[in-house]
Amino acid sequence: MTPGWPLWEVFVRSRNGLAHKHVGSVHAVDATMALTNARDVYTRRSEGTSIWVVPSAAITASDPADKDALFDPAGDKIYRHPTFYDIPADVKNI
Amino acid sequence: MTASTSPDDGQSLVDYLLRLGDTTLVLSHRLSEWVGAAPTLEEEIALANVALDLLGQAQPLLARAGEVEGLGRDADALAYLRDAWDYRNLLLVEQPNGDFAHTMLRQFLFDSYAVELWSRLATSTDATLAGIAGKAVKESAYHVGHSGEWVIRLGDGTTESARRTRDAVADLWEFTGELFATDAVDEAIAASGVAPLASELEPAWRDRVDAVFADAGLEVPTRQWMQSGGKQGRHTEHLGHVLAEMQFLPRAYPGSTW
Amino acid sequence: MYTQGLDEAPGPDVDESFDPASLLPDDEANAELRFQARIDAEDRIEPTDWMPAEYRRTLIRQIAQHAHSEVIGMQPEGNWITRAPSLRRKAVLIAKVQDEAGHGLYLYGAAETLGVSREELVDQLVSGEVKYSSIFNYPTLTWADMGAVGWLVDGAAIMNQIPLCRCSYGPYARAMVRVCKEESFHQRQGYELMLTLSRGTPQQQAMAQDALNRWWWPAIMMFGPSDADSVHSAKTMRWKIKRFSNDELRQKFVDVTVPQAEYLGLTVPDPDLRFNDETGHYDIGPIDWDEFFAVVRGDGPCNRQRLATRRAAHENGAWVRAAAEAHARKQQERQQSSEPAATGPAAAGQVA
């Protein structure tokens, strides 16, 4: 996937479920394609399902539980994307 | 069990069901050739979905055809043991996949027709056909959204994708006339309320095609000459190769259960 | 059905005398010990939790290899879709291969949570830099191979995947739960296919036996060399990325599968195979590890072909992907120029 295909998080409410549940991610160029891909990948043609897609970059997350995390910045992104995550230069083996 | 719906002891109904069953089967088969070669992993899944939906339509259509025919042929016997001259599919769907633009355009042209057809077949006087239509109408609505979006993306994408899409239009347009051409079988079927006359579907099809082509920056061709013959068993050179591959095992090992 | 009863307690003890803290400066040592304590308590590690660099690297490699295997695995089975001999078999095979694409997607998604992009992963596979399961470098030569592959290859994969549902890394474990749910039908359809052939004509029976003859040893080799010979095992076990040893999984597979072969009336191509009354397990003959390492190194029947096919699909799709991007950009520009107050394309779409 080239850079123009951002990552989208997928949330699905199955017919009998109560709330949307995070099921994974898809790559897509826009919201329309993201919805189509999400339906194909995560619901495989089942009907009556509600799907939400959100660009991963749009999600803000709380800090991880471990406050003594040495190498994380105060985490506000959900993934360890290299551009989200700074490692001190003198840490070995990274 | 419906009573014979035409004066020819059900032969028109058999022909009609074979036309639709063979069309969905051959198109499904063509799409399945993309497995492992799609442009993205997400599209692998999307194409397989459409192929499976079409196969899910083909099987009961052919089964019903065999039932009405009354010679003991089931869906597999019809699919695997008829030669090309007995196949009744539209010529459009046996055309080779070509590149992704060809495949998506072929799909869109078919889906736009299928969506109109299935919505009318939901009230068919043949209960089996109406039942199949109930499910197929939702499937084809989804399919036409997917294929239409791709025609737009490719037509209105890069210079290269636009060129490829224009080439696809030039290659495939002459197969669209057959979708709406009618013969004695179609007239008998329409008269008995089993199916609409195909020509009635053309205006809605054309509206959808015009709208998507406009968004895709494509010109609707003005050329009038159209290919025909598929519904009567006169095919292009392509179908023979499709069937040779598809039918190999049952023909090489006759009488076997798989 | 074949996988029940295998979800047992973790395998062999790790070397307790090795203290990782001794190698690290104080702060890192504390973090690593806390991390290990979480692992030992069966806590799940999530993407933004602290983790040792090697844990992250190991997971990326393992998840990526798993994902690549699913994608490459589409080819040997895809080879028979257009020749499937009945409409039902055709549908089942398309669905199975489609599932494999889906599994690749789930797994690439899990790997991406660790900081590697899909683009990098795809490039790795297409360049030939990375390994995928050796089993997919074998050709599918007859229709019976569709049965053998489902029964043996998916069977072996399930042995591996069920324990991974409890692996320490959350996204990988969750992906594996989804995979396992879909995988159970894969193995059943493969075995049922073999059953149909074994009850068929003499030619079909011969076809089934021939497929077993060619796929048995490669499936046995799927579990990898004995852990004593494996570089990565100790750490991956301690970190609960791996939960059973290769030999344990291989033994379970053999014990479950040999009776299944007997039920089919087929002969396992191993003259040394026998049930050991003392151990309660089947003893198998010597594995040809030369063949395994040759295939892993690139000298297998289909290595070049699999990679070439993947590369061609990727390259042929470049103009399609570029077109989708170009169109999305154009749409964005149109929207922005017609609605100057808007903040860009909708960030979320909803389907009720």
Notebook entry, point to check: Counting only other chains, what is the mean number of Cβ atoms within 10 angstrom of the Cβ of each residue in peptide B:29-35?
Noted result: 5
Notebook entry, point to check: Counting alpha carbon pairs within less than 8 Å and at least 6 residues apart, what relative contact order, in whole percent, applies to segment C:25-150?
Noted result: 30 percent
Checklist line | chain C: relative contact order as a whole-number percent, Cα under 8 Å and 6+ apart | finding: 18 percent
Next item on the list: With N denoting the number of residues in segment A:7-61, provide Rg(C-alpha) divided by 2.2 N^0.38 Å, to two decimal places.
Entry: 1.06
Notebook entry, point to check: Length gain on complete extension for the stretch C:ASP288 to C:GLU315, per 0.36 nm per residue less the alpha carbon to alpha carbon distance?
Noted result: 6.1 nm
Check: Hey, got the average number of other protein chain Cβ atoms within 10 angstrom for residues in B:154-166?
Finding: 4
Item checked: Share of pairwise Cα separations in chain B, more than 31 Å, in percent -> 22 percent
Margin query: Expected output is a single nm value to one decimal: the length gained when fully extending between C:TYR263 and C:ARG88, i.e. 0.36 nm times separation in residues minus the C-alpha distance. What is it?
Written below: 60.6 nm
Item checked: q = 0.12 Å⁻¹: log10 I(q)/I(0) that the Debye formula gives for the protein assembly as shown, counting C-alpha atoms only -> -1.38
Next item on the list: Quick one: which residues, 5 or more positions from C:TYR169 or on another chain, have an amide H under 5 Å from its amide H? H modelled 1.01 Å from N in the peptide plane, none for Pro or chain starts.
Entry: C:ILE45
Next item on the list: Using a 10 angstrom cutoff on alpha carbons, build the Gaussian network for chain C and name the most mobile of C:ALA53, C:ALA156, C:ALA111.
Entry: C:ALA53
Notebook entry, point to check: Taking 0.36 nm per residue of separation and subtracting the Cα-Cα distance, what length does fully extending B:ASP83 through B:ALA252 add?
Noted result: 59.4 nm
Check: Sorted by mean Cβ packing within 10 Å, highest first, what order do the peptides B:11-23, C:268-280 take?
Finding: B:11-23, C:268-280
Notebook entry, point to check: Within chain C, which complete DSSP H helices have Cα atoms spanning at least 24 Å along the helix axis and a mean Kyte-Doolittle hydropathy of 1.0 or higher?
Noted result: none
Check: Quick one: which of A:LYS21/C:LYS330; B:LYS135/B:LYS231; C:LYS131/C:LYS235; B:LYS138/C:LYS330 span more than 27 angstrom between C-alpha atoms?
Finding: A:LYS21/C:LYS330; B:LYS138/C:LYS330
Notebook entry, point to check: Which of C:GLY285, C:GLY155, C:GLY190 moves most in a GNM of chain C, Cα contacts under 10 Å?
Noted result: C:GLY285
Notebook entry, point to check: Once the mean 1/r over all distinct Cα pairs of segment C:193-276 is inverted, what Kirkwood radius in angstroms do you read off?
Noted result: 14.7 Å
Next item on the list: Within the set of other residues whose C-beta is less than 12 Å from the C-beta of C:LEU193, count the net charge using Lys and Arg as +1 and Asp and Glu as -1.
Entry: +1
Next item on the list: List every residue whose amide H lies under 5 Å from the amide H of B:SER124, counting only residues 5 or more places away in sequence or on a different chain, with H placed 1.01 Å from N in the peptide plane.
Entry: B:ALA130
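So, with +1 on the Cβ of K and R and -1 on the Cβ of D and E, and no other charges, what is the size of the charge dipole of the protein assembly as shown about its Cα centre, to the nearest 20 debye?
Approximately 980 debye in magnitude.
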Note to self: From the helices alone, meaning DSSP H stretches of at least four residues, give me the mean residue ellipticity at 222 nm for chain C, per-run term -39500 (n - 2.57), in deg cm²/dmol to the nearest 500.
What the structure shows: -20000 deg cm²/dmol
Notebook entry, point to check: Can you give me the relative contact order of segment A:7-61 as a percent, contacts being Cα pairs under 8 Å and 6 or more apart?
Noted result: 44 percent
Next item on the list: Quickly estimate the mean residue ellipticity at 222 nm for chain B, helices only: each DSSP H run with n ≥ 4 gives -39500 (n - 2.57), and the total goes over all residues, rounded to 500.
Entry: -21000 deg cm²/dmol
Checklist line | Peptide C:171-178, shielding by other chains (average Cβ, 10 Å cutoff) | finding: 1
Item checked: C:LEU307, B:LEU25 arranged by Cβ crowding within 10 Å, fewest neighbours leading -> C:LEU307, B:LEU25
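Throughout, read-outs are computed from the coordinates displayed, never taken from laboratory work. The shown structure was predicted, so the numbers you read here are calculated from the model rather than taken from an experiment. Note that each Cβ is placed from the backbone with ideal geometry, even for glycine, and that neighbours are counted across all protein chains shown.
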